[in-house]
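**Q** I'd like to ask you about the structure that follows.
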Amino acid sequence: MWAVFLVLFLPLFALPLLVVLGASFATHWSGVLPSGFTTAHYQAATRGEALRALTTSLVTAVTASLLALTAGTWAALAAAALRKRHRKVMDALFVLPVAVPSVVVGLAILVAFSQPPFLLNGTRWIVITAHAVLVTAFAHQSVSAALARLDPAYEQAAASLGASPAHVLWRVKLPLLLPSLTAAAGLCFALSMGELSATMMLYPPDWTPLPVLVHAATDRGALFTGSAVAVVLMAATLLVLLAVSRVRTRASYR
Amino acid sequence: MATSAAGGIRFDAVTVAYDGNVVLDALDLTVAPGEVMALLGPSGSGKTTALRAVAGFVRPASGRVHLGDRDVTDLPPHRRGIGMVVQQYALFPHMRVEDNVAFGLKARKADRSEIRARVAEALEMTGMAAYARRHPRELSGGQQQRVAIARALAIRPAVLLLDEPLSALDARLRSGMLAELARLHRELPEVSILYVTHDQLEALTLADRIAVMDRARLQACGTPQELYRAPANAFTASFVGSANLLPVTVGGTGGVTLGGTRLAVGTAGAAPGARATLCVRPHLIGLGDGPNRLSGTVAEIQWRGATHRLYVDVAGHRVMADLRELRTPPALGDTVTLHFAPEDAVLLPAEAAGEATGAAGRPAGPAGDRTGPAGDPAETAGTPAGPADKPTDPAGTPTGPSGKATDPAGTPADPSDEPAEAVGHGC
């Protein structure tokens, strides 16, 4: 059982990541293993343009995730009050950005927001908007799944005790949904950090997210520099996810 | 906020339907201030729906719900000012016990000092003061139940709704909590309690009056003693306590005949020649010679510690008899003679064919099997059943302290119901 897992896991998932990690410390790679150990790529990947791109990515991902979480949660809460058929329509609408290729979503947003009064093209907001649209589906899906599992007895007990619907939402429902909300936030953040295809069509020169930089570096043949930037991207994402998961365990143990 | 000064609940022809499926049919019922009313019935009988209509979680298709002197039919749940305890407790898992209990007061924006005092009082009353800082998951089922009751009582509701509050507890805890609930009600005599249960023992122990529900309808309503000693129909007889229900024909000169056997029982109001159902409680049947003899063969014997239950086939009908433990019980297949006193039998209107089997199929279940070796609830009540006062007369159906005049015409007619059957009357 373990052997099967390793045979599948190593070549498919672990090896490529290890290769990137190896390459990020190398100057040559002509044999089986990389050679010419150096940390020079990391010096380049953690300052100047790369550092700005990292900040850009983090800001974009955090903002887009918060937007997506708000919109997705709101929609899921609203949909819960709808009739079953209407709820299905709403669910389908929210899955649309996932079903449509992200290149198409990028193009659609480019076309839609290039004209006044919705002129976002050329600003950071077009990137953030695109990311929010792309990840809202995941936020919506995980929150509505959690809502469906939430025992209506809590809400009813709160209402019978005299709590208005708003009070019930803030004091009972959202706290009970917190574990799912943080899980959704982590997922949205990770997806946004890695988004490239829609971003490529939209990013203005002063708002270059990290994946674009990785792509640019490898495109011009600087594989080792690109690897170092990719490792930084990976590490930053993992660190944030780790922090989010700590919040989540605290929330579910409360 | 919405705490009503006057207590009491009044259902005024309340009908609830889901997708055209009637789950509560024109319920007329009044719970007086300070009264404990049990809604007793099998699952799907509409009893929980009735409670949810009071709480505001279902909207009646027609009819009105009154709390005290307010018509609350159109009010959302949070404006009704009721306390409610449900089967799964529904304590907020993310709050400590004290915050759970304070929830209703905070929602009403009560003063801090008042909240503290009332939370302490409610926890004291339910014996949970020592657990104020715990989280619900750190409590046992019985403790969670107490907290749920404390939470409902903290808002000082005029009406307390209890939805199968003990069914998640094990048997020993359940009887303890029953005594606890009875004590709480003595301490809060002005609170009306609507208690939904499928357990006749809980209803008999706790309730001032019992409303028996079946198939979306109110079947009977009265004090536990009235329902037990003079049930209005076969369903009530079989669901409140266990009962032998024997199809008989009313004789010409008083008395009835079962198969070919003449039995002397009161037949007040019944026309000679009419079909009727004779109800005799198993513990009121004796072994050996006496008045109203029934002979048959023993089909089954169950030893229950203090009693023996005999199942005797009499003229094609199975008769249950609960006898004080016999030194030499009869063997299977023996022919035995049973008897019962004329005043211990109640004559009920005959059921429509479909219903008779349905109701008669049920009796042994709830009563016979759930009660322990001590036997039937009648023994809890202690007194032998007295002479039935005009059981077949609908006017004899008990009305409670604030009983509303019945209006049989106001309830939709169900073709399967015999007109004589006192079903669907208000209470």
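**Q** Under the condition of being touching a Pro at 6+ places or on another chain (Cβ under 9 Å) and crowded, with 17+ Cβ neighbours inside 10 Å, which residue from region B:284-300 is farthest from residue B:330 (Cα to Cα)?
**A** First, pick out the residues of region B:284-300 that are touching a Pro at 6+ places or on another chain (Cβ under 9 Å): B:284, B:287, B:291-292, B:298.
When the remaining residues are screened for being crowded, with 17+ Cβ neighbours inside 10 Å, the result is B:284, B:287, B:292, B:298.
Values: B:284: 19, B:287: 10, B:292: 20, B:298: 8 Å.
Looking at residues that are touching a Pro at 6+ places or on another chain (Cβ under 9 Å) and crowded, with 17+ Cβ neighbours inside 10 Å, I get B:292.
**Q** While we're on this one: Within region B:321-336, identify whether any single residue is at pLDDT below 90 and surrounded by 18 or more Cβ atoms within 10 Å (Cβ to Cβ), and answer yes or no.
**A** So far as region B:321-336 goes, no, none of its residues is at pLDDT below 90 and surrounded by 18 or more Cβ atoms within 10 Å (Cβ to Cβ).
**Q** Could you check how many residues of region B:28-59 are in contact with a helix residue (DSSP H, G or I) (Cβ under 6 Å, 6 or more places away or on another chain), closer than 14 Å to residue B:73 by Cα and hydrophobic (A, V, I, L, M, F, W, C)?
**A** 3
**Q** So residue A:4 fits all but one of (1) loosely packed, with under 11 Cβ neighbours inside 10 Å; (2) at pLDDT below 80; (3) among the β-branched types (Val, Ile, Thr); what number is the exception?
**A** (2)
**Q** Still on this structure, please answer the following. Report, ordered by the first and then the second residue, all pairs with beta carbons closer than 6 Å, sequence separation of six or more or different chains, a first member in region A:171-190 that is more than 15 Å from residue A:149 (Cβ to Cβ) and facing chain B (nearest Cβ under 10 Å), and a second member that is among the acidic types (Asp, Glu) and assigned to a helix (DSSP H, G or I).
**A** none
**Q** Additional query: Might you check whether a residue that is touching a residue at least 60 places away in the same chain (Cβ under 8 Å), among the β-branched types (Val, Ile, Thr) and either touching a Gly at 6+ places or on another chain (Cβ under 8 Å) or surrounded by fewer than 19 Cβ atoms within 10 Å (Cβ to Cβ) (or both) occurs anywhere in region B:225-248?
**A** Step one: of region B:225-248, the residues touching a residue at least 60 places away in the same chain (Cβ under 8 Å) are B:225-235, B:237-248.
Restricting the remaining residues to those that are among the β-branched types (Val, Ile, Thr) gives B:240, B:248.
Subset that is either touching a Gly at 6+ places or on another chain (Cβ under 8 Å) or surrounded by fewer than 19 Cβ atoms within 10 Å (Cβ to Cβ) (or both): none.
No, region B:225-248 has no match at all.
**Q** Let me ask something else. Hey, among B:336, B:298, which residue is under 23 Å from residue B:278 (Cα atoms), touching an Asp or Glu at 6+ places or on another chain (Cβ under 8 Å), assigned to a strand (DSSP E or B) and among the β-branched types (Val, Ile, Thr)? Quick ask: steps written out before the conclusion?
**A** Values: B:336 fails: touching an Asp or Glu at 6+ places or on another chain (Cβ under 8 Å).
Going through B:336, B:298 in turn, just one is under 23 Å from residue B:278 (Cα atoms), touching an Asp or Glu at 6+ places or on another chain (Cβ under 8 Å), assigned to a strand (DSSP E or B) and among the β-branched types (Val, Ile, Thr): B:298.
**Q** Another one. Of everything in region A:20-72, what is surrounded by fewer than 15 Cβ atoms within 10 Å (Cβ to Cβ), under 15 Å from residue A:235 (Cβ atoms) and within 21 Å of the chain's Cα centre (by Cα)? Give them in sequence order.
**A** A:51, A:55
**Q** Give me the pairs, please: first residue somewhere in region B:90-113 and at the interface with chain A (Cβ under 8 Å from one of its Cβ atoms) and farther than 12 Å from residue B:144 by Cα, second residue anywhere and assigned to a loop (DSSP other than H, G, I, E, B) and among the small types (Gly, Ala, Ser), beta-carbon distance under 6 Å, and either six or more positions apart or on two chains.
**A** Every condition considered, the pairs that remain are B:104/A:162; B:107/A:162; B:107/A:163; B:108/A:162.
**Q** Is there a residue being within 14 Å of chain A (Cβ to nearest Cβ), among the polar types (S, T, N, Q) and touching a Pro at 6+ places or on another chain (Cβ under 7 Å) anywhere in region B:189-198?
**A** no
**Q** Can you find a residue that is among the β-branched types (Val, Ile, Thr), under 21 Å from residue B:303 (Cα atoms) and either within 25 Å of the chain's Cα centre (by Cα) or modelled with pLDDT of 85 or more (or both) anywhere in region B:346-365? Full working, then the answer.
**A** Taking region B:346-365 as the starting set, the residues that turn out to be among the β-branched types (Val, Ile, Thr) are B:346, B:357.
Keeping just the survivors that are under 21 Å from residue B:303 (Cα atoms) gives none.
No, there is no match, as no residue in region B:346-365 is among the β-branched types (Val, Ile, Thr), under 21 Å from residue B:303 (Cα atoms) and either within 25 Å of the chain's Cα centre (by Cα) or modelled with pLDDT of 85 or more (or both).
**Q** Can you say whether residue A:55 is polar (S, T, N, Q), closer than 18 Å to residue A:199 by Cβ and at pLDDT below 90, as far as the supplied structure shows? Steps first, please.
**A** Numbers: polar (S, T, N, Q): yes; closer than 18 Å to residue A:199 by Cβ: yes; at pLDDT below 90: yes.
Yes; evaluated as a whole, the condition is true for this residue.
**Q** If you don't mind, another one. Quick one: how many residues across region B:48-89 are within 27 Å of residue B:214 (Cβ to Cβ) and more than 9 Å from every other protein chain (Cβ to nearest Cβ)?
**A** 18
**Q** Here's something else I'd like to know. So residue B:122 fits all but one of (1) surrounded by fewer than 23 Cβ atoms within 10 Å (Cβ to Cβ); (2) without any contact (Cβ under 8 Å) to a residue 40 or more places away in the chain; (3) over 26 Å from the mean Cα position of the chain (by Cα); what number is the exception?
**A** With (1) surrounded by fewer than 23 Cβ atoms within 10 Å (Cβ to Cβ); (2) without any contact (Cβ under 8 Å) to a residue 40 or more places away in the chain; (3) over 26 Å from the mean Cα position of the chain (by Cα) applied to residue B:122, the lone miss is (1).
**Q** Still on this structure: For region B:178-196, indicate whether the set of residues that are modelled with pLDDT of 90 or more, in contact with a Ser or Thr (Cβ under 9 Å, 6 or more places away or on another chain), buried (at least 18 other Cβ atoms within 10 Å of the Cβ) and not in a helix (DSSP H, G or I) is non-empty.
**A** yes
The values are calculated or read from the model by the stated rules, or taken from the named source; none is laboratory data. Computed from a prediction, not measured in an experiment: that's the story for all the values here. All Cβ positions, even for glycine, are placed from backbone atoms using ideal geometry, and neighbour counts span all protein chains on display.
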